[in-house]
Each structure stands twice: as C-alpha cells, then as structure tokens.
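Let me begin by presenting the structure, written as structure tokens, before commenting on it.
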Amino acid sequence: MEIRKEKQYNQGVGKYKVLSSNAGVGSIVATKWGGFIMPMSSSNWASVKNITKYIENHPDEVLDLSKVSAERGVELLEDNRFMNFLRKTEGLTKLRCFVAVPHVSLDQYNQSNVRDLPLNKKYRDNTGAEQDLDESLVTIPAIPFPRWFFTNRKSRELKTYEEWLLIWRRKNCNNGDEKFFAPPRDPELRTKRKLPDFEIPHAKDRSVHGLLEQVSMVLICPNGHISDIPWDKFFCASVNLKEKVREEGFDLFGYDASMWPCPENMKPDLQWMENRSHAESFGRLQCRNRAEKCTSCPGSVSLEGIMNLQPLCPGERPWEGIGVRDHIACKTESGSRSTMKWALVTSNSVYYAESFSSLYIPDIYNTGNGLPAKLQQLLNLMTDTWFGTTYLRRHPDATKEEYINSRSIDDLLDKAWENKEYEDVTDDDMKLVIEEFLHPKANDDIDVREDYRYQEFSVFNDNEKSITESDKSLCFADIVMPDSLKPYFHKIQQVETLGVTTTQINFSRVTMPQPRMVDGKIEYPNRMKIFKENPEDVLAMPANQTFGEGLFFSFNEKKIKKWQEAYGKTLKNRYTDDANHEQLYDGLYQKMELGGYDRFYLLHTFSHLLMKELEFSCGYPTASLKERLYFSDRMCGVLIYTADGAEGSMGGLVWQGQPQLIEKIIVSALNRALNCSSDPICWEGDEKPNYAACFSCAMVSETSCEERNLGLDRRALVDGEFGYFKDLL
C-alpha cells in the first residue's frame, strides 16, 4: 500500500513493544515507508496529557480509576505497590496513576480504527458523546529522525527536513499541504500517479511526489543524548581543518560560521554522492556553490573515516522536541565535556531501555514498611494531596510537623472517612499513618529492588493460598509435593492468575549502563527519563499490564545449606575465578556475590531447564515463557509464567503443576541436562559467566531470561560429584 498523506503515516507497533528497546521513547524505529522515526516523550502523549490535566483540576480527589477511565476515554491501570516503589526510588513523589499504552489496530489504509475500539464504546456509553474518541488519544506521537534527507534525482541534493518542507510550501506542491508531504517527499520529483480530485480539489499540482532518502547516521552520547550530524558544518570544518575535524573533543556543533569557506551569508549547497566503485565506502559530500562563487573550496569532502568522528555533545533531546537541549553542558562523571560516538541508526548501541516490571500484589497484603496496604494508600493520600498539594498551596514553607499540629486525629479521621474506602480506619490506624508520615523508615541501608522482589517472594512463600479468592489479579495455591521433591523444595505453587505491570524508567545509549556496588549496596544507573518534566511534577506514567498464569518454586534453604557445606570446597574452587570478569558483567556478578555464586547458578539453571522441558512436554515454545528470579541471601525461588499474547495462557501451564505431572517434568528436565549434543565441549565449558551451558541444553530465548542468558551451569544441578539434584537422578 502506498503511503501518500499524513493520515496514512501511521506505523503499527505492538503495545507491549512500546516501552522497550524496540520502540521506547527516544529510540529509532524503522517504518514501512523505508525511513526512521523517533517516538516522543510520554509528556507529549495525548492520553497522558488528558489524565494529567484531570488530576490537576481535581487535586483533592481520590481517583476512581474505572470512573475516570470511562469519562476521559483513557484506560488506567491499578498497581498501588508499584506506584509507591516509583515514588521512593525515582523521585516521582506526586505520581497518581498509570496510563495504559493505547492499543488500536490499523485498517487497510494504515489509519487508526477508533470507532471499533472497546474503550471508545465505553466512553460513548458513559458520557453520551456523539463523536468518537479523538484519534490522538490512541496514538503515540513521533518525529522523522534523522532529520537530513537527500533526493534520488541526479542532483542528489542534501537538506534538512525543514528545508525540504519549506521548498514544498514555496512551490505550492499539492497546495502546499503538509499532510501530503508525509512521508518526506521531493518537491521536484513528480510521479505519474495523481491524487484523487476529492482529496485535493482545485489544486494545480495533484501529482504524488516521490519519497526522499533519509541519511542513516547519527551521533550518540553515553548520557543518552542523540544528534544529527550537522552536515553543513561537517563539510566546512573538513575543508578548513581537514583531519582535525576527527580529533576527540572537536566542537563541531559550535563551529564558527565565519570560518566557512563559502562567501558571507551563503550556506553550502550539499549533494550526497555515493561511491559506486567501492561498496564499503560511504561516498562523498559535494558542494554545488564551488563552480561559481567558492573558488577556494575543493568542492567535495570524502566521508572516509567518519566512524572516528567524536564531537563534543551539545546535549540535544529531540524526543522532547526539535531544538530542545540541556541547560548545562553534557559532562562525564569526571567532569569533562562528553564526546559523541558515530553510529548507524540500526545499531544496537543507539538505544538501551531500562524497563521495570512489578508483580501485582493486592492491597490486602502488607507492604514493605510494615503498614498494611490500605494504610499505605492513606499515607500516600496524606503526603501527596492533603499536605503536598492542598496545605502547601496555602502555607508554602510549612513542615510536616506544623501540618500535623494543626490537625487533630479526629479531623484527619473525618477527612479519611469522606472516602468509603477508609471507613473502617481506626484511631490506632491513623496514629500509625501519622508516625510513618512524620518519621518515614529510611531505605538507605537496603537494596530497594531486592527488597521489592522479596515482598513478592514472601507473599507466595508465606501463604498456602490466596488470602481472598475475590481478587482476580492474583490467585495461587500450594500443591501437595511428591515425597521425592520434598527434600529439594520448600514449596511449589500453581499460580492460576497473576498480573504484571511494566513501565520504562530510563534509557541510555552507547553502552548498557551497569549497576555499581557502593558501600556494600547495589546502586542503579540513572540516565534519560521518558518524560520531560521534573520527576516531582509527574502525575501519570504510561505502563503495560498483562495477565497470565505460572508456577512458583521455592527452594529448601536447609537443603541448600547442607549442599554448600558438603561440597563447599569443590564449589568454591569451581567459581573462585568469577571475581575476575569483564566489566560488562558487573551487575550480574554483584548480584551473585551478595547471594552466593553457587546458589545463583543452581537457581538460574534450574529455571532454564524447566522452561526448556515445558517446551518438550507440553508444547510451549520457550519464547512464550518468562522467568522471575527471586534471588538474594534471604530468598531463592523462581516464578515461571506466561502472559496475554503468548501461547498457552489459558490454563496449560498451571495444569503442568499437578503433583504427578510436575515430578515427571522436573526429573525429565534433569535427566535431559545430563547430556548435550555439544558435549564434552559444553560439559567442560568454563567461559565465564557461563560454564556447562549452551543453546542446545540450557540457554533460552533472551526475551524469556532476566539475565541475558548469563550465569548458567547445569553441572551445579546434575554433576555426579557435587550436583544439587544428583540423588534425585
């Protein structure tokens, strides 16, 4: 299908890929028309702006997610525990809700089909609106990026998007209408095809114009910035400075136009010339001004060696808007100016997304600070709304103590009871909330992400079944373990229903950011955000929520301890060299060091072997399964699950958790791990951070693994000398 106007300019992307390295904010996405686009900041999404405006207009209101969703035509997600986590760890102190990533199919003309969207029907039924939802609410804005394009005509002219659009309007192509300029088109290249008269009546030019070609090179910065190569400045600097243009630290973006070889007030008229005699060459830049006016200019510059270009970073953030830059100079951790790296837009180094997923835990379970979840919600309401919004508006310099002293407990209880959700809150409950409000428990001495996972682990590990069966987002129950498995596992559970909420926290470029160990605690890198406001001003965040099923395994800590004591010397000798490793694996090894190398190899390899066995025994492809590792010095367990959109999310995985089936699956997986088609090379493997593991025996799809297929050793499970499960075999 030919895309010939703005309405057809849509690019279909699965909603679960949006907050990921495939199509996250600030990434570069390949399109059907052959070019590249960049998704814009979540602050520009109409759905997020819609809810943010509602919250700003109702600052004291406790959000009724279902009601607001129906009235505003935007789906909202519930996950209070996750919001509390982001408030504490990411500084999103006023975060009030998650906005679901919009999901809508494209019709045969590549346009959004809003009318048939269930959310649209719900919106019209609840509001009585005659019009469908605005299309912007179910789409995500993006810009063409890179912004330099060249023509396929003989002239090979190279100009920016804005320059081509200006020519389009000046020449009155298709009445100068920008919607027919999309995707970017050559004003001088008319095809024999015509636009229908009803689409563009009374136009002198109804021709469908040919597409422009997009330059596929960018500059990226380790701090997350990205820029077009300013080809006009590059050309002039190359002419004047020659090889100096490629020296590290050259200020290409600040290159003084007065030093350009062109006469005053004249820009280079560039051409993108490919070198057809050398396939590996990028070709040359040529300037058409030389023949008449620039006699001192050589007329062309080779692009050979452009991969070495390392200009100073100007701090550009095009995903927030063209021309947006940092207010201060982009610097490295040492304080020097950051330099940028050359990259092709298809390079993996252009974008590394840091997403975070949270298992939905109903409010009936306790939270990490000791408060029941309902009281935690009341604490958030008091902190963010009663004090943070309402009271501080009237008393900007007030402290928490002054606020509490100005209110009696009865006043606060009356305010809480205004909401039916808190009708059963007592005096003692309110005292607990006030104490936590005034003296919050510090998180300085804990790994907040490990503690967050431990909360999930504890819900499964400390309960035989769901506390309530009425909650449709989490339902689990212990199975009666066969006697043969009891020595190895504390419990195995069938998780009939689970919900996983995922959002993107940061993103970076050039290299994947690695956690660092500081004073015995893991610190996580903090790069570019997907929103453009200050974190404390964010009221709504985009997120995805999937529902599925799974199997939970909690290892027997006493058995692990005995195993470590019995084979401690052997295990220590086997993994003793792991302290010497590549920097790329720092994050993994820090986690392994805190919880124990042998425990991690045991847990992670078991998870992979079981996923591969489920593929053999019941037909699940491992790409449809995922692992959720619960690993530290105080927990050792794994949740293997599948969710909406994956094969087998209709009870098949839970069915495999029956006592008579799970025993066969585990034993079969372990027996299969005794042999690999790559043995003995695989069995004797010692390339850290993997040992006896390869794609034939223990590795799975990287979309299924939390640790990029690293930290695997099947001998930790089945070795005849020191394997944890050797007696089971």
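The values are calculated or read from the model by the stated rules, or taken from the named source; none is laboratory data. In this text the structure is predicted, and so the values were computed from the model without any measurement. Cβ coordinates were reconstructed from backbone atoms using ideal geometry, including for glycine residues, and neighbour counts include every protein chain displayed.
Looking only at the range 323-375, which residues are modelled with pLDDT under 90 and at positive phi?
335, 370
Only one of 718, 700 is under 28 Å from residue 565 (Cα atoms) and surrounded by 21 or more Cβ atoms within 10 Å (Cβ to Cβ); which?
Details: 700 fails: under 28 Å from residue 565 (Cα atoms).
On inspection, the qualifying residue turns out to be 718.
When residue 439 is evaluated against the numbered criteria (1) modelled with pLDDT under 85; (2) over 35 Å from the mean Cα position of the chain (by Cα), which criterion, by number, is the only one it fails?
Failing condition for residue 439: (2).
Can you confirm whether residue 522 is more than 23 Å from residue 341 (Cβ to Cβ), modelled with pLDDT under 95 and assigned to a loop (DSSP other than H, G, I, E, B)? I'd like the intermediate steps shown before the answer.
Numbers: more than 23 Å from residue 341 (Cβ to Cβ): yes; modelled with pLDDT under 95: yes; assigned to a loop (DSSP other than H, G, I, E, B): no.
When the stated conditions are applied, residue 522 does not pass them.
Kindly provide the set of residues from the range 150-168 that are buried (at least 16 other Cβ atoms within 10 Å of the Cβ) and closer than 29 Å to residue 531 by Cβ, ordered by number.
The answer is 160, 161, 165.
Report the residue count in the range 236-265 for those that are modelled with pLDDT under 70 and either under 18 Å from residue 159 (Cα atoms) or not assigned by TED's automatic domain parsing to the domain that holds residue 305 (or both).
So the first thing to find is which residues in the range 236-265 are modelled with pLDDT under 70, and the list is 257-265.
From the residues that got through so far, the ones that are either under 18 Å from residue 159 (Cα atoms) or not assigned by TED's automatic domain parsing to the domain that holds residue 305 (or both) too are 257, 260, 262, 265.
The total comes to 4.
Suppose we keep only residues that are at negative phi and more than 37 Å from the chain's Cα centre (by Cα) within the range 169-181. Which one would you say is surrounded by the fewest Cβ atoms within 10 Å (Cβ to Cβ)? Talk me through it step by step, then tell me what you get.
Keep residues of the range 169-181 that are at negative phi, which gives 169-171, 173, 177-181.
Subsequent filtering for residues that are more than 37 Å from the chain's Cα centre (by Cα) retains 169-171, 173.
Values: 169: 14, 170: 10, 171: 12, 173: 23.
This residue is 170.
Hey, can you tell me all the residues within the range 171-217 that are among the small types (Gly, Ala, Ser), closer than 23 Å to residue 30 by Cα and part of a loop (DSSP other than H, G, I, E, B)? Steps first, please.
So the first thing to find is which residues in the range 171-217 are among the small types (Gly, Ala, Ser), and the list is 176, 182, 203, 207, 210, 216.
Within this subset, residues satisfying the condition of being closer than 23 Å to residue 30 by Cα are 182, 210, 216.
182, 216, listed by residue number.
Evaluate the following for residue 3: is it farther than 23 Å from residue 321 by Cα, surrounded by 17 or more Cβ atoms within 10 Å (Cβ to Cβ) and either at pLDDT below 90 or in contact with a helix residue (DSSP H, G or I) (Cβ under 7 Å, 6 or more places away or on another chain) (or both)? Step through it out loud before you land on a result.
Numbers: farther than 23 Å from residue 321 by Cα: yes; surrounded by 17 or more Cβ atoms within 10 Å (Cβ to Cβ): yes; either at pLDDT below 90 or in contact with a helix residue (DSSP H, G or I) (Cβ under 7 Å, 6 or more places away or on another chain) (or both): yes.
So residue 3 passes the test.
Exactly one of (1) over 29 Å from residue 101 (Cβ atoms); (2) in contact with a strand residue (DSSP E or B) (Cβ under 6 Å, 6 or more places away or on another chain); (3) basic (Lys, Arg) is unmet by residue 486. Its number?
(2)
Mind counting the residues in the range 330-368 that are exposed (fewer than 13 other Cβ atoms within 10 Å of the Cβ) and among the small types (Gly, Ala, Ser)?
Within the range 330-368, residues that are exposed (fewer than 13 other Cβ atoms within 10 Å of the Cβ) and among the small types (Gly, Ala, Ser) number 3.
Within the range 446-467, count every residue that is in a loop (DSSP other than H, G, I, E, B) and either without any contact (Cβ under 8 Å) to a residue 60 or more places away in the chain or in contact with a Leu (Cβ under 9 Å, 6 or more places away or on another chain) (or both). Please lay out each step first, then the result.
So in the range 446-467, the residues in a loop (DSSP other than H, G, I, E, B) come out as 446-447, 462-464, 466-467.
Then keep just the ones that are either without any contact (Cβ under 8 Å) to a residue 60 or more places away in the chain or in contact with a Leu (Cβ under 9 Å, 6 or more places away or on another chain) (or both); that gives 447, 462-464, 466.
Residues meeting the conditions: 5.
Could you grab the pairs with beta carbons closer than 9 Å, sequence gap of 6+ or different chains, first residue in the range 389-404 and in a loop (DSSP other than H, G, I, E, B), second one exposed (fewer than 15 other Cβ atoms within 10 Å of the Cβ) and of a type in the set (A, V, I, L, M, F, W, C)?
Taking only residues 6 or more apart or on different chains, the pairs are 398/392.
Here's the yes/no breakdown for (1) farther than 16 Å from residue 723 by Cα; (2) modelled with pLDDT of 90 or more; (3) not assigned by TED's automatic domain parsing to the domain that holds residue 692:
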residue: 561; (1), (2), (3): no, yes, no
residue: 590; (1), (2), (3): yes, no, no
residue: 602; (1), (2), (3): no, yes, no
residue: 611; (1), (2), (3): yes, yes, no
residue: 618; (1), (2), (3): yes, no, no
residue: 621; (1), (2), (3): yes, no, no
residue: 626; (1), (2), (3): yes, yes, no
residue: 661; (1), (2), (3): yes, yes, no
residue: 669; (1), (2), (3): no, yes, no
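Across the range 94-124, which residue is nearest to residue 32 (Cα to Cα) among those that are without any contact (Cβ under 8 Å) to a residue 12 or more places away in the chain and loosely packed, with under 14 Cβ neighbours inside 10 Å?
Of the range 94-124, the ones without any contact (Cβ under 8 Å) to a residue 12 or more places away in the chain are 107, 113, 116, 118, 121, 124.
Then drop every residue that is not loosely packed, with under 14 Cβ neighbours inside 10 Å, which leaves 107, 116, 118, 121.
Numbers: 107: 14, 116: 24, 118: 27, 121: 30 Å.
Checked the range 94-124; the qualifying residue nearest to residue 32 (Cα to Cα) is 107.
Scan (1) at pLDDT below 85; (2) under 26 Å from the mean Cα position of the chain (by Cα) for the single condition residue 136 breaks and write down its number.
Only one criterion in (1) at pLDDT below 85; (2) under 26 Å from the mean Cα position of the chain (by Cα) is unmet by residue 136, namely (1).
Quickly run through the range 190-213 and pick out the residues that are among the charged types (D, E, K, R), under 26 Å from residue 159 (Cα atoms) and surrounded by 10 or more Cβ atoms within 10 Å (Cβ to Cβ).
Residues of the range 190-213 among the charged types (D, E, K, R): 190, 192-194, 197, 199, 204-206, 213.
Within this subset, residues satisfying the condition of being under 26 Å from residue 159 (Cα atoms) are 190, 192-194, 204-206, 213.
If the condition is that a residue be among the charged types (D, E, K, R), under 26 Å from residue 159 (Cα atoms) and surrounded by 10 or more Cβ atoms within 10 Å (Cβ to Cβ), then 190, 193, 194, 205, 206, 213 are the ones that fit.
Would you pick out the residues in the range 680-697 that are surrounded by 13 or more Cβ atoms within 10 Å (Cβ to Cβ) and within 19 Å of residue 586 (Cα to Cα)?
Correct list: 688, 689, 690, 691.
Of the residues in the range 420-434, how many are part of a helix (DSSP H, G or I) and surrounded by 15 or more Cβ atoms within 10 Å (Cβ to Cβ)?
Let us first name the residues in the range 420-434 that are part of a helix (DSSP H, G or I), namely 420-422, 427-434.
Remaining after also requiring surrounded by 15 or more Cβ atoms within 10 Å (Cβ to Cβ): 421-422, 429-430, 432-434.
So the count comes out to 7.
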